[in-house]
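Peer 1: Below is one structure. I have some questions about it.
What follows draws every value from the coordinates through simple rules; no lab data is involved. Model, not experiment: these values are computed from the prediction. Here the Cβ is made from the backbone with ideal geometry for all residues, glycine too, and neighbour counts use every protein chain on show.
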């Protein structure tokens, strides 16, 4: 029962941190268009108070990749007598964490300054 409870809490965390409550209450669109006649965007540009549904799902997935990276790195510390396997787990975990953080920071940069800044 305990592993299922942990997975449920992690999924609840990802849902809330990714903006799931905002999606339920505000019902945002998947794309946003702009008055300037530009192409529609998956990211609500120049606004930290708005979020598209696609952006929310993408951030939930990236947060999940980061949590998975933390779990894999943790599992790597448990292989004390198999150094090669433990090191590979830690490297894979850290790479996943870095990919998730850098991509989330890039999305935040696009939200603040636009895609061409």
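Peer 1: Rounded to the nearest 0.05, what FRET efficiency do residue 113 and residue 16 have when you use their Cβ-Cβ distance and R0 = 25 Å?
Peer 2: After rounding, the FRET efficiency stands at 0.40.
Peer 1: Let me ask something additional. Using Cβ counts within 10 Å as a stand-in for footprinting exposure, how do 82, 23 rank, fewest first?
Peer 2: 82, 23
Peer 1: Between residue 68 and residue 48, 0.36 nm times their residue separation minus their Cα-Cα distance comes to what?
Peer 2: Taking 0.36 nm per residue and subtracting the Cα distance, the gain is 4.6 nm.
Peer 1: Mean separation of Cα pairs under 8 Å and 6+ residues apart, divided by the residue count of region 49-107: what relative contact order is that in percent?
Peer 2: It comes to 39 percent, rounded to a whole number.
Peer 1: Can you put 59, 41 in order, fewest other beta carbons within 10 Å first?
Peer 2: 41, 59
Peer 1: Taking the 0 to 90 degree range and rounding to the nearest ten, how far is the long axis of helix 2-17 tilted relative to the main principal axis of the chain, both from C-alpha atoms?
Peer 2: It works out to around 30 degrees.
Peer 1: Sort 98, 10, 67 so the one with the fewest other Cβ atoms within 10 Å of its own Cβ comes first.
Peer 2: Placing the least packed residue first, the sequence is 98, 10, 67.
Peer 1: OK, next. Do you know the relative contact order of the chain, to the nearest whole percent, from alpha carbon pairs under 8 angstrom that are 6+ apart?
Peer 2: Normalised by residue count, the contact order of the chain is 24 percent.
Peer 1: Moving to a separate point now. Starting from the 7 Å offset along Cα-to-Cβ, what nm value, one decimal, do you get for the label separation of residue 31 and residue 61?
Peer 2: 1.7
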